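What follows is a short report on a single structure.
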Amino acid sequence: MKSKKIILLSFLALGLAFGAAHKADAQRFYVSVQPVVPVYVHPPCPSPRHVWVESEWVWTNGAYVHHPGYWAIPPDRYHAWVPGHWEHERRGHYWVPGHWRR
């Protein structure tokens, strides 16, 4: 009986691990060539409290769409914006979004 429980728990753990890996993979949208960033000048800083949030790429309707940067006041206990970046794997390039850092 004990060995059946161990086998069952092992299969359950493998299933959860596979599901988590598959779900993480599903969040990535691959392209063969990275899109080119449009050139633009960002506006002046509105106040010393504002932080520049770099432009981002968002997957929309089957393609990456560029969203320009903007000034923002960081959320409580955060002080810096870590810009997003492109990663490359065997399947192609995908965008890793930026995030706030404490």
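With only alpha-carbon pairs counted, each pair once and no self-pairs, how large is the Kirkwood hydrodynamic radius of segment 33-102 in angstroms?
Numbers: mean 1/r = 0.0735 Å⁻¹.
It is 13.6 Å.
Taking the mean number of other Cβ atoms within 10 Å as a proxy for protection, how do you rank 74-80, 54-60 from highest to lowest? Working shown, then result.
Numbers: 74-80: 10.1, 54-60: 15.4.
Ranked from most to least packed, the peptides come out as 54-60, 74-80.
For every other residue with a beta carbon closer than 15 angstrom to the beta carbon of PRO74, add +1 if it is Lys or Arg and -1 if Asp or Glu, then tell me the sum.
Values: positive: ARG49, ARG77, ARG101, ARG102; negative: GLU54, ASP76.
Its environment carries a net charge of +2.
What is the gain in length, in nm to one decimal, between PHE29 and HIS42 on full extension, counting 0.36 nm per residue of separation less the C-alpha to C-alpha distance? Each step should come with its number before you reach the end.
Working: separation 13, 0.36 × 13 = 4.68 nm, distance 2.76 nm.
My answer for the length gained is 1.9 nm.
All of the numbers you see were taken from the coordinates with simple rules; none came from a lab. Note that the structure is predicted; figures quoted are calculated from it, not measured. Methodologically, a virtual Cβ is constructed for each residue, glycine included, from the backbone with ideal geometry; neighbour enumeration extends over all protein chains shown.
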